[in-house]
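Reading through the structure tokens given below for one structure.
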Amino acid sequence: MKKILVTGGLGFIGSHTVVELQNEGFEVLIIDDLSNSTIEVLDKITSITTIKPSYFNIDLKDKVAVQKFFKENKVAGVIHFAASKAVGESVERPLEYYENNIGSLVYLLKEMKANLVNNFIFSSSCTVYGQADELPITENASVKPAESPYGNTKKIGEEIIKDTTKVSEITAIALRYFNPIGAHKSAKIGELPIGVPQNLIPFVTQTAAGIRKELSVFGSDYPTSDGTAVRDYLHVVDLAKAHIVALRRLLSNNNKTSFEVFNIGTGRGNSVLEIIKSFEKVTGKKLNYKLVDRREGDITAAYADTTLANNELGWKAELTLDEALLSAWNWQQTL
Ligand code: WQD
């Protein structure tokens, strides 16, 4: 059974990917420093798959601990989620973001190179495109100056990986996520924002649950069909499955170059008001919301051209927006 290291494997996307890896027969080892996740997620994963992943409480900035891990564990590949990811927070605390997101990546790659671990999947983001000049967005759309240190760590991260693949046996795939939402159908794992949610869907579900008084819709004067901003919302389980397909591509040496990039989205855009209407429809809940000013740094619209992922990677989003929103609501009701 091939062993796969998942860093950040107790986080939102990481935990869903661990479940899919186990479903596919991989042995999963998780490194997570619990800075943005809880240890209870480990038991939740186990309750879904009946297989308990090996767990290591390691901070990837701890070089010695990372070296020790790779000396003691022979893994066939690494899926790297572990990173700080709050856009607003990164603006206030850039050095923490560069140290954590870039420092961890460098130490991880150094140990992979030293231990001949040659398959690497990187969690990147559509944020590297900024406001793309054309929609839908293809992988060769220009990568724009980052709107935040968080976005910059994704851009720089891709460059570091690309440079490393040129001088080592490491082959890598960067998956540029659009907007992951929803939760596993068991409602045992899902998005667990700490404090006031920054992202739209957790704020929607917390408003519906009465935890938040009302949702603020950031901006109603965008040049879109209804004035609110448009994003490509994809079910987190579809996103998790994309990691398995990408990993298998590397494990079977089907990659065309040593560093590949794929947009992972549905290819469809929905506005904030459309999300609200869909949520109310699938849940029967009435949502309190108000239209307020735009949020600093937000773009008008982003949705993926998924041709490359569909044709080259052999991956396509299967679950619908309604299924994703209902799964998010089912998850919220367990909290
Ligand atoms: C979506 C839309 C908001 C909250 C960011 C990162 C991206 C990824 C996902 C980490 C926007 C609007 C939101 C609210 C609102 N993060 N909104 N009221 O900004 O597209 O992407 O999160 O990997 O890298 O850039 O996602 O969910 O914050 O916002 O109106 O209370 O919802 O203005 O139009 P975003 P989001």
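The values are calculated or read from the model by the stated rules, or taken from the named source; none is laboratory data. From a predicted model like this one, the values you see are computed outputs, not experimental measurements. Cβ: placed from backbone, ideal geometry, glycine included. Neighbour counts: every protein chain shown. Heads up: the accessible areas ignore ligands, DNA and RNA and are worked out on the full protein's heavy atoms, side chains in. Shrake-Rupley method; radii C 1.70, N 1.55, O 1.52, S 1.80 Å.
What residue among Ala183, Thr266, Phe203 has its Cα farthest toward the positive end of the dipole of the stretch 138-270, where the charges are +1 on Lys, Arg and -1 on Asp, Glu, each on the Cβ?
Value computed over the given set: Ala183.
What percent do you get for the relative contact order of the chain when only Cα pairs under 8 Å and 6+ apart count?
Value for the chain: 19 percent.
Picking from Thr46, Leu29, Gly14, whose Cα lies most toward the positive end of the charge dipole for the stretch 1-48 (charges on Cβ: Lys, Arg +1; Asp, Glu -1)?
Of the candidates, Leu29 comes out farthest on the positive side.
With r as the distance between the Cβ atoms of Glu96 and Asp322 and R0 = 25 Å, compute the FRET efficiency 1/(1 + (r/R0)^6) and round to 0.05.
0.10
Any idea what the dipole of the chain comes to, in debye rounded to 20, about its Cα centre with Lys/Arg Cβ at +1 and Asp/Glu Cβ at -1?
In debye, rounded to 20, the chain gives about 640.
Name the GluC sites (Glu not before Pro) in the stretch 247-327 that are in a loop by DSSP and that have at most 15 other C-beta atoms within 10 Å, would you?
Glu296, Glu318
What accessible area per residue comes out for the chain, rounded to a whole number of Å², with a 1.4 Å probe?
44 Å²
With the contact rule set at Cα under 8 Å and sequence spacing of 6 or more, what percent relative contact order holds for the stretch 1-139?
For the stretch 1-139, the relative contact order is 25 percent.
Could you sort Asp43, Asp133 by their accessible area in this structure, using a 1.4 Å probe and putting the largest first? Walk me through the numbers before you get to the answer.
Working: Asp43 90, Asp133 125 Å².
Result of the area sort, largest leading: Asp133, Asp43.
Using the Cα gyration tensor of the chain, with a ≥ b ≥ c the square roots of its eigenvalues, what is the shape: rounded (a/c below 1.5), prolate (a/b larger than b/c) or oblate (neither)?
On the way: a/c = 1.64, a/b = 1.39, b/c = 1.18.
Judged from the Cα gyration tensor, the chain comes out prolate (a/c at least 1.5, a/b above b/c).
In this model, which of Lys52/Lys155; Lys44/Lys166; Lys155/Lys316; Lys61/Lys162; Lys155/Lys213; Lys113/Lys185 are farther than 31 Å apart at the alpha-carbon?
Table pairs above 31 Å Cα-Cα are Lys52/Lys155; Lys44/Lys166; Lys155/Lys213; Lys113/Lys185.
Hey, how many Å between the Cα centroid of the stretch 14-87 and the Cα centroid of the stretch 110-188?
Distance between centres, Cα-based: 18 Å.
Let me have the relative contact order for the stretch 14-95, percent, based on Cα pairs under 8 Å that are six or more residues apart.
27 percent
Quick check: the distance between the Cα centres of the stretch 213-245 and the stretch 249-295, to the nearest angstrom?
5 Å
For a quick check of your reading of the filter: which trypsin sites (Lys or Arg not before Pro) in the stretch 66-167 sit in a DSSP loop and have no more than 12 other Cβ atoms within 10 Å?
Answer by residue number: Lys74.
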